[in-house]
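Written out below as structure tokens is the structure these notes cover.
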Amino acid sequence: MSPVIESEEHKALRAAVSALGNRYGRAYFTRTVDEGVPAAELWADAGKLGYLGVNLPEEYGGGGGGIAELSIVLEELGAAGCPLLLLVVSPAICGTVIARFGTEEQKRAWLPGLADGTRTMAFGITEPDAGSNAHRITTTARRDPDTGDWLLTGRKVFVSCVDIADATLIVGRTETVSAEEGRTGRLKPVLFIVPRDTEGFQRRRIDMELSAAEKQFELTLDDVRLPADALVGGGTSHAFGSGGEDAGLLQLFAGLNPERIMTAAFAIGMGRYALAKAVEYARERTVWKAPIGAHQAIAHPLAQAHIELELARLMMQKAAHLYDAGDDVGAGEAANMAKYAAAEACVKAVDQAVHTLGGNGLTREFGLASLVTAARVSRIAPVSREMILNYVSHQTLGLPKSY
Ligand SMILES: Cc1cc2nc3c(=O)[nH]c(=O)nc-3n(C[C@H](O)[C@H](O)[C@H](O)COP(=O)(O)OP(=O)(O)OC[C@H]3O[C@@H](n4cnc5c(N)ncnc54)[C@H](O)[C@@H]3O)c2cc1C
């Protein structure tokens, strides 16, 4: 399969998801945002049609495809004005991590529900004092010697959808491993599935200036007691296998590549939606002799936005192709570049779309101004523009580090 020329299957998936997204449309999505409720009807329909779990293994109820297919689903829903952030987290990150590293019991318990959308899982790695530097996370798991249970303590911030997800996949470390990290300075991550209503697992909503149905939370874990099998991969601290010192970290990032690719899809879909609205407006709106779209000062930035979104999609397809082919290292660079390119293209497309509509760009009726902040999310999360530039500076170009 070529990552450059889209296959007939992918075109058909694109068309089918686009039809579903347009059946609901922006008006539906805006209503859910205004009411502060998730887009549950669209989510359920997408689940029934097999779109939510298109990347998960068939034997656990998924579609047997990969991130290439799931990114098409998110991009097309976004282009129809219905971006579902939970797709980035639940099937893409959590589904992938469990499918690749979970025990047989964890796969059976979670994957069918994540695949048809009847169950969802949030993902928490960001911490108040770690932020972009995940090596500094301090959420710690220790073992109760009497029962074998895990006791998880720490804080997380900006974690999306914790209120609606059945559980949150929490990234932490174990005490024994962190002693070793004192020497190596490297995080050896462990991941725990924490059900929403577990005692000691508290959430506080963060008041975001974002027009989105999905909410962000600060989490406090205060000796949260979890059974041994809450640890992804089983009851040892080598949750990600024991292939050397960096294996855990490498495999966490293998799990995070889908997040970057899906954030690219989120951004490209949103950028396409905004651009389409602007083009439609620029074709009609006439204040001199010709529609404003005839003025090159309006037309060229829109053409540029289209080109940049297309280029970003090409890199996203390359990243998805490498990831689905099992090349985690190659996919890492491409996924970072795709996320960078898509976020920049989205921010520019939304900005130009708002400008194209003049005063109407700022009205609620046209609904574009709220995308200005939404577009910025893809520039900050899950990894900021600067951290991607750092990655490319150090990993790709071999430049020295300042930090
Ligand atoms: C809407 C939204 C949803 C989110 N959902 C989730 C979620 O579900 N789960 C989750 O775990 N997290 C989530 N996040 C958190 C997100 O991943 C973080 O905000 C992001 O990783 C940046 O961390 P920070 O906010 O602590 O910024 P900081 O790390 O404090 O960075 C602040 C600024 O400094 C820059 N900076 C930092 N270090 C360097 C450096 N070495 N060189 C140059 N510049 C640097 C950054 O680029 C950034 O511009 C979400 C965030 C948002 C906004």
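General remarks:
- Near pairs, Cβ below 6 angstrom, 6+ apart or cross-chain, from region 209-224 (more than 13 Å from the ligand (Cβ to nearest atom)) to any residue that is among the aromatic types (Phe, Trp, Tyr): Leu221/Phe201; Val224/Phe201
- Residue tally, condition in contact (Cβ under 8 Å) with a residue 60 or more places away in the chain, outside any helix (DSSP H, G or I) and within 25 Å of Leu114 (Cβ to Cβ), over region 1-49: 5
- Residues located in region 189-218, provided they are touching a Phe, Trp or Tyr at 6+ places or on another chain (Cβ under 7 Å) and outside any loop (DSSP other than H, G, I, E, B): Phe192, Val194, Arg203, Arg204, Arg205, Gln216
- Residue pairs meeting the criteria (Cβ under 8 Å; at least 6 apart or on separate chains; first in contact (Cβ under 8 Å) with a residue 24 or more places away in the chain, in region 131-143; second within 8 Å of the ligand (Cβ to nearest atom) and assigned to a strand (DSSP E or B)): Ala134/Val171; Ile137/Val171; Thr139/Lys156; Thr139/Val171
- As a summary of the residue check, Ala92 satisfies the conditions (1) assigned by TED's automatic domain parsing to the domain that holds Ala167; (2) out of contact with any Gly (no Cβ under 7 Å at 6 or more places or on another chain) except for the one numbered (1).
- Test: residue in region 31-49 that is out of contact with any strand residue (DSSP E or B) (no Cβ under 6 Å at 6 or more places or on another chain), at pLDDT 95 or above and at positive phi: no
- Test: Arg183 is surrounded by fewer than 21 Cβ atoms within 10 Å (Cβ to Cβ) and either at pLDDT 95 or above or touching a His at 6+ places or on another chain (Cβ under 9 Å) (or both): no
- Residues of region 112-139 classified as farther than 30 Å from Glu41 by Cα and touching a helix residue (DSSP H, G or I) at 6+ places or on another chain (Cβ under 6 Å), total: 2
- Test: residue in region 82-91 that is away from the ligand (no atom under 16 Å from the Cβ) and under 16 Å from the mean Cα position of the chain (by Cα): yes
- When residues of region 95-136 are limited to those that are assigned to a strand (DSSP E or B) and closer than 17 Å to Leu52 by Cα, the one farthest from the ligand (Cβ to nearest atom): Met121
- The residue of region 389-403 that is modelled with the lowest pLDDT, among those that are near the ligand (Cβ under 9 Å from one of its atoms) and touching a helix residue (DSSP H, G or I) at 6+ places or on another chain (Cβ under 9 Å), is Tyr403.
- Of the residues making up region 355-388, those that are more than 13 Å from the ligand (Cβ to nearest atom), within 17 Å of Gly269 (Cβ to Cβ) and touching a residue at least 60 places away in the same chain (Cβ under 8 Å) are Gly367, Leu368, Ser370, Leu371.
- Yes/no for Gly117 being modelled with pLDDT under 95 and surrounded by 23 or more Cβ atoms within 10 Å (Cβ to Cβ): no
The values are calculated or read from the model by the stated rules, or taken from the named source; none is laboratory data. All of these numbers come straight from a predicted model, not from anything done at the bench. Glycine also receives a Cβ, built like all others from the backbone with ideal geometry; neighbour counts cover every protein chain displayed.
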